[in-house]
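Take a look at the structure below.
The values are calculated or read from the model by the stated rules, or taken from the named source; none is laboratory data. Here the structure is a predicted model, which is why all the values come from computation and not from measurement. Methodologically, a virtual Cβ is constructed for each residue, glycine included, from the backbone with ideal geometry; neighbour enumeration extends over all protein chains shown.
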Amino acid sequence: MENLEVQLPKDIQEATLNMINEALAKAVHGIKQQKSFPPYMTKQEASKYLHISGTTFDKWQCKLNIPVIQIEGVKRYKRETLDEFMKNIEQQNTK
């Protein structure tokens, strides 16, 4: 079996490389941003992590039951659980 080689025009090569570089940069930025939050967060950190206001977070907490860990009145939100919560909401909205 022979290899077939296709040469794209220079402008398409550059546009493709730019798109790949932008996608990689965006992915790396997202990973860095996600990892900058602690594994267990306060309400303020959790709302910042979800990019919503504290007021919106409170509404979601009442309406959608955001999972929370409570120990002696201290509330913490697990980063992984928040990610799962958002994925579940996303799946419900795509059905």
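Taking the numbered list (1) within 14 Å of residue 78 (Cα to Cα); (2) surrounded by 10 or more Cβ atoms within 10 Å (Cβ to Cβ) in turn, residue 36 passes all entries but (2).
Looking only at region 1-48, residues that are within 14 Å of the chain's Cα centre (by Cα) and farther than 28 Å from residue 61 by Cα come to 3 in all. For the residues 89, 52, the requirement of being in a loop (DSSP other than H, G, I, E, B) and out of contact with any Ser or Thr (no Cβ under 7 Å at 6 or more places or on another chain) singles out 52.
For residue 65, the criteria (1) modelled with pLDDT of 95 or more; (2) more than 17 Å from the chain's Cα centre (by Cα); (3) of a type in the set (S, T, N, Q) hold in every case but one, which is (1). In region 11-55, the residue that is nearest to residue 84 (Cα to Cα) out of those that are touching a helix residue (DSSP H, G or I) at 6+ places or on another chain (Cβ under 7 Å) and of a type in the set (Ser, Thr, Tyr) is 49. Please work out if residue 50 is surrounded by 11 or more Cβ atoms within 10 Å (Cβ to Cβ) and in contact with a Leu (Cβ under 8 Å, 6 or more places away or on another chain). The answer is yes for residue 50. Taken over region 55-86, the criterion of being in a loop (DSSP other than H, G, I, E, B) and not charged (D, E, K, R) is satisfied by 65, 66, 67, 68, 73. Here residue 72 fulfils each of the conditions (1) under 16 Å from the mean Cα position of the chain (by Cα); (2) at positive phi apart from (1).
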